[in-house]
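The values are calculated or read from the model by the stated rules, or taken from the named source; none is laboratory data. Bear in mind that the values here come from a model prediction, so they are computed numbers and not experimental data. As a convention, Cβ positions derive from the backbone with ideal geometry for all residues, glycine included, and neighbour counts pool all protein chains shown. Ligands, DNA and RNA are stripped out before the accessible areas are found, and what is left, the full protein with its side chains, is counted by its heavy atoms. Shrake-Rupley method; radii C 1.70, N 1.55, O 1.52, S 1.80 Å.
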Amino acid sequence: MCTKRERPEGLKGVIAAVPIMVGYLPIAIAFGVIAQQTGIPLMPTLLMSMLVYAGASQLMAANMLAAGAGGLEVVLATFVLNFRHFVMGLSLMNLLQRFPLRWKIGLSSGITDETFAMTSLRIRTGEKLTPRFTAGLMLGAWSTWVVGSFLGYSLSQVIPPTISESMSIALYAMFIGLLVPAVREEWRAGGVALASMGLCWGFSQMMASGWAIILATVCGGLLGAFWMKEEVE
Amino acid sequence: MTVFWIVIGMSLATMVPRWLSAWVVGRLRLPAWVRRWLNSIPFAALGALVFPGILSVEPKEPAVGLIGGIVAAILAGFRLPILFIIMGAILTVMGMKTWL
């Protein structure tokens with residue numbers, strides 16, 4: 001039974017999302033700036049952040065629209081670039097197996113590279129996540145993304161581009177910050193990550209980076225299926 | 001209006017796969033090796049997301065992203081909180097960009 005003094009689970013989730021928010025804010029601002037400069041009106045820009053909720057795709061869409069690409073091309077590229085979330089969703093929903101289906105469907109809408117990595121690594125290190133905690137984490141990340149896009153759009157005349165450009169390392173730094181502690185726990189995880197880095201580099205010579213990431217994730221994970229130790233339930 | 005429909009199309013393209021994942025997993029009892037596969041995917045995904053994408057942080061000089069990443073890995077090795085890791089990497093990249 002929960003005690004009165006304890007923080008609500010949802011709030012704990014939002015607090016756990018703070019590193020993601022810090023990583024998202026500059027990228028969301030950068031997207032808002034680019035959308036405004038591309039001439040996309042404010043409403044579609046915000047709708048895109050709310051309903052598409054995928055950083056790389058949105059930046060790419062803005063670029064493609066600026067270059068005069070057609071709608072179908074943009075939608076297809078979005079699909080390719082984000083199909084990895086299907087694979088990540090399979091993995092995360094497998095860990096959240098005991099959540100009710102309606103929670104799983106709702107939470108799956110919030111899957112991004114970052115929320116996926118954060119939640120699944122927490123579970124892998126032995127934490128028991130509740131649906132409310134997970135929802136707090138995902139909503140925290142999502143609202144930062146939307147608010148950041150709005151800020152970027154409104155402040156686009158004021159922000160010097162050099163500042164937002166240096167921020168693109170933020171998400172990579174976060175991925176590394178998530179990966180390194182996991183590797184300390186289980187060195188085989190590092191082997192899987194290194195192998196899929198090599199695979200992704202190889203694949204990206206042959207195909208678009210969205211496909212390369214999907215293929216490298218699937219193949220690297222397959223390697224782990226035979227190499228990683230049995231899951232302790 | 002056109003941009004609006006493109007946004008709706010993009011939304012379906014990103015949301016339907018996410019929902020499908022939740023629906024598919026609940027429906028099937030997965031064999032042990034598939035579960036081990038899915039459980040390895042976070043590590044594989046992190047690897048693939050970081051490299052070679054990190055090289056494009058500064059498209060003209062791939063070393064900038066690489067060094068930023070190495071700094072992040074060293075800071076993470078010292079068990080620093082993730083916020084410090086992010087700040088350290090951003091400052092490193094900003095520093096290198098001003099010196100370039």
>> Tell me the mean residue ellipticity at 222 nm calculated for chain A from its helices only (DSSP H runs of n ≥ 4, each -39500 (n - 2.57), averaged over every residue, nearest 500).
In response: -24000 deg cm²/dmol
> Considering chain A as a Gaussian network with a 10 Å cut-off on Cα pairs, which listed residue, A:L101, A:L199, A:L171, attains the greatest mean-square fluctuation?
Replying inline: A:L101
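Based solely on its DSSP helices, what 222 nm [θ] is calculated for chain B when runs of n ≥ 4 H residues each add -39,500 (n - 2.57) and the sum is averaged over all residues, nearest 500 deg cm²/dmol? Working shown, then result.
Details: 4 runs with 79 residues, N = 100.
Computed mean residue ellipticity for chain B: -27000 deg cm²/dmol.
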> Expressed as cubic angstrom per residue, what is the convex hull volume of the alpha carbon set of the range A:186-227?
Replying inline: 48
> Tell me, what is the percent relative contact order of chain A, built from C-alpha pairs under 8 Å that lie six or more residues apart?
Replying inline: 33
>> Within the protein assembly as shown, what whole-number % of the accessible surface is contributed by carbon and sulfur, with the 1.4 Å probe and all protein chains included in the calculation?
In response: 71
>> Under 23 Å between alpha carbons: how many lysine pairs meet that in the protein assembly as shown, if sequence neighbours fewer than 8 apart on the same chain are excluded?
In response: 7
> Along the range A:111-122, what does the Karplus equation 6.51 cos²θ - 1.76 cosθ + 1.60 (θ = phi - 60°) give for ³J(HN,Hα), rounded to whole Hz, x for Gly and Pro?
Replying inline: 6, 10, 3, 6, 5, 4, 4, 5, 5, 6, 6, 4
> Is the range A:4-96 best put as rounded, prolate or oblate by its Cα gyration tensor, with a ≥ b ≥ c the root eigenvalues, rounded for a/c under 1.5, and otherwise prolate when a/b is larger than b/c, oblate when not?
Replying inline: oblate
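How many percent of Cα pairs in chain A exceed 26 Å?
On the way: 11413 of 27028 pairs.
When every Cα pair of chain A is considered, 42 percent fall beyond 26 Å.
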> Once both axes come from the Cα atoms, what is the angle between helix A:71-82 and the longest principal axis of chain A, in degrees from 0 to 90, rounded to 10?
Replying inline: 30
> By how many degrees, between 0 and 90 and to the nearest 10, does the Cα long axis of helix B:62-77 differ from the longest principal axis of chain B?
Replying inline: 80
> What do you reckon, how do B:L75, B:L12 stack up by accessible area (1.4 Å probe), largest on top?
Replying inline: B:L12, B:L75
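Tell me the per residue accessible area of chain B using a 1.4 Å probe; a whole number in Å² is fine.
Numbers: 4980 Å² over 100 residues.
Accessible area per residue: 50 Å².
Would you please report the Å³ per residue occupied by the convex hull of the alpha carbon atoms in chain B?
Roughly 175 Å³ of hull volume per residue.
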> If you take the accessible area of B alone, add that of A alone, and subtract the area of the pair, what total do you get in Å², probe 1.4 Å, to the nearest 100?
Replying inline: 6600
>> Starting from the 7 Å offset along Cα-to-Cβ, what nm value, one decimal, do you get for the label separation of A:R98 and A:A208?
In response: 4.1
> So how strong a dipole does chain A carry about its Cα centre when Lys and Arg Cβ are +1 and Asp and Glu Cβ are -1, to the nearest 20 debye?
Replying inline: 660
> Which ³J(HN,Hα) values, rounded to whole Hz and listed in residue order, are derived for the range A:23-33 from phi using the Karplus coefficients 6.51, -1.76 and 1.60 in 6.51 cos²θ - 1.76 cosθ + 1.60 with θ = phi - 60°, glycine and proline given as x?
Replying inline: x, 6, 3, x, 6, 5, 4, 4, 5, x, 4
> Per residue, how much accessible area does the range A:79-233 show when a 1.4 Å probe rolls over the protein heavy atoms, in square angstrom?
Replying inline: 44
>> Just to check I understand the Karplus step: with θ = phi - 60° and J = 6.51 cos²θ - 1.76 cosθ + 1.60, what whole-Hz values come out for the range A:221-226, glycine and proline as x?
In response: x, 4, 4, x, 4, 9
>> Largest first, please: the extent of the C-alpha atoms of the range B:43-100 along each principal axis, to the nearest Å.
In response: 30, 23, 13
> Which residue, chosen from B:A32, A:A28, B:I67, occupies the Cα position most advanced towards the positive end of the dipole of the protein assembly as shown, where the dipole is computed from +1 (Lys, Arg) and -1 (Asp, Glu) charges on Cβ about the Cα centre?
Replying inline: B:A32
> If one takes the longest principal axis of the Cα atoms in chain A, at what angle in degrees, from 0 to 90 and to the nearest 10, does the Cα axis of helix A:187-204 lie?
Replying inline: 30
